[in-house]
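A quick write-up on the structure given underneath.
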Amino acid sequence: MTEKLFTLENACPRIDVFVSEQTGLTRSAVKRLAEKGCLYVNGRSVKAGSGAKAGDVVKMTLPDPEPIEAEAEDIPLNIVYEDGDMAIVDKPQGMTVHAGAGNTRGTLVNALLFHLDSLSSINGKIRPGIVHRLDKDTSGLLVIAKNDAAHLSLSKQIAEKSCKREYLALLEGVLKEDGGSVVTQIGRDPNNRLKMAVLPAGKGRRAETEFAVEERFKNHTLVRFNLKTGRTHQIRVHARYLSHPVVGDALYGYQRQRFRLNGQLLHACRLTLTHPSTGEVMSFTSPLPDYFEKTLETLRKEEKI
């Protein structure tokens, strides 16, 4: 149970309005809490529409969320490599990495619990073994930690940028530069909480992405991206920032898409890391999925410069 306390500096005609302004919760959410007896003035449970005077103490209690615990599921999984410390898996497009609100089945974690004999416990019961993530509709390579020592080592490599993560993406339009680096601040889009956005200096978190053109077509560009940081939706946001969003990206891309796709053409194609126990530098690669290759084949036939 979490409690929040506020002391009114001025009289307040409606407690729900005041609490909503202080916490960011919607008034309907505050009303539901009041109906559950979780809203108080001077220690007395009150209704959402109640008033209060200057000096009154408002308390709101938030019940602890119901724990989500993943269960093992016999879901096909492409395990590229496995030993006692880690596993490298090739995640398909359309698979969520771990459970969230309203989504506790069919995730990568559910599959991992079935196929692997152990997973690290650092991220708890919801995200066991998960060192880094891929978006649901991004395919490709992920490293999974099978014990806590390996997890700490792999996490440190990602934080120190010694773990290299390369992606291939098909972008809308023709990118003029042969390569370069995008460095911005990325944070939650103030106009759409489902999206991330490039923010002004001093806001968000630093995000750096290197890119190099692999192949140009008449109206598209195949680009290799190298993540230097790991912000949510980083490549997709930076591609949009370059004015060349990823093909098939329903959130950051064009509303009208030429190709019938189930998600963005973004694939984690190469993962290079140092083994947590042996110290050996290991590199793994993943071929482009069939739907990605077929799209490129179409462009090579129709749009090749």
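The values are calculated or read from the model by the stated rules, or taken from the named source; none is laboratory data. Just so it is clear, the structure is predicted and the values come from calculations on it, not from any experiment. Glycine gets a Cβ as well: all are built from the backbone with ideal geometry, and neighbour counts include every protein chain shown. Protein only, heavy atoms only, side chains kept; ligands, DNA and RNA dropped before computing areas. Shrake-Rupley method; radii C 1.70, N 1.55, O 1.52, S 1.80 Å.
Observations
- The residue of region 3-32 that is modelled with the lowest pLDDT, among those that are open to solvent by 30 Å² or more (accessible area, probe 1.4 Å), among the polar types (S, T, N, Q) and farther than 11 Å from K59 by Cβ, is T26.
- Scanning region 161-171 finds one or more residues that are exposed (fewer than 15 other Cβ atoms within 10 Å of the Cβ) and either farther than 30 Å from L288 by Cβ or touching a residue at least 12 places away in the same chain (Cβ under 8 Å) (or both).
- Cβ-Cβ distances below 7 Å connect the following pairs, each with a first residue in region 262-276 that is closer than 15 Å to Y167 by Cβ and in contact (Cβ under 8 Å) with a residue 60 or more places away in the chain, a second residue that is surrounded by fewer than 23 Cβ atoms within 10 Å (Cβ to Cβ) and of a type in the set (K, R), and a separation of six or more residues or different chains: T272/K164.
- H220 vs. criteria at pLDDT 90 or above, more than 21 Å from the chain's Cα centre (by Cα) and not β-branched (V, I, T): yes
Rundown of residues vs (1) modelled with pLDDT of 95 or more; (2) under 18 Å from V237 (Cα atoms); (3) of a type in the set (A, V, I, L, M, F, W, C), yes/no style:
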| position | (1), (2), (3) |
| --- | --- |
| K136 | no, yes, no |
| L141 | yes, no, yes |
| A149 | no, no, yes |
| L154 | no, no, yes |
| Q157 | no, no, no |
| E160 | no, no, no |
| L168 | yes, yes, yes |
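- Residue in region 210-220 that is farther than 22 Å from T295 by Cβ and outside any helix (DSSP H, G or I) present: yes
- Any hit, region 33-47, residues being modelled with pLDDT under 85 and under 23 Å from R193 (Cα atoms): yes
- Test: V198 is open to solvent by 60 Å² or more (accessible area, probe 1.4 Å) and part of a strand (DSSP E or B): no
- Qualifying residue in region 203-213 (condition: touching a residue at least 40 places away in the same chain (Cβ under 8 Å), touching a strand residue (DSSP E or B) at 6+ places or on another chain (Cβ under 9 Å) and open to solvent by less than 70 Å² (accessible area, probe 1.4 Å)): no
- Checked against (1) open to solvent by less than 20 Å² (accessible area, probe 1.4 Å); (2) aliphatic (A, V, I, L, M); (3) assigned to a loop (DSSP other than H, G, I, E, B), L251 passes all but a single condition, namely (1).
- Some residue of region 280-294 being at pLDDT 95 or above and in contact with a helix residue (DSSP H, G or I) (Cβ under 9 Å, 6 or more places away or on another chain): yes
- Residues satisfying the stated conditions in region 131-165, i.e. farther than 15 Å from R270 by Cα, assigned to a loop (DSSP other than H, G, I, E, B) and of a type in the set (S, T, N, Q): N147
- Within region 107-127, considering residues that are at pLDDT 90 or above and assigned to a loop (DSSP other than H, G, I, E, B), the one most open to solvent (accessible area, probe 1.4 Å): D117
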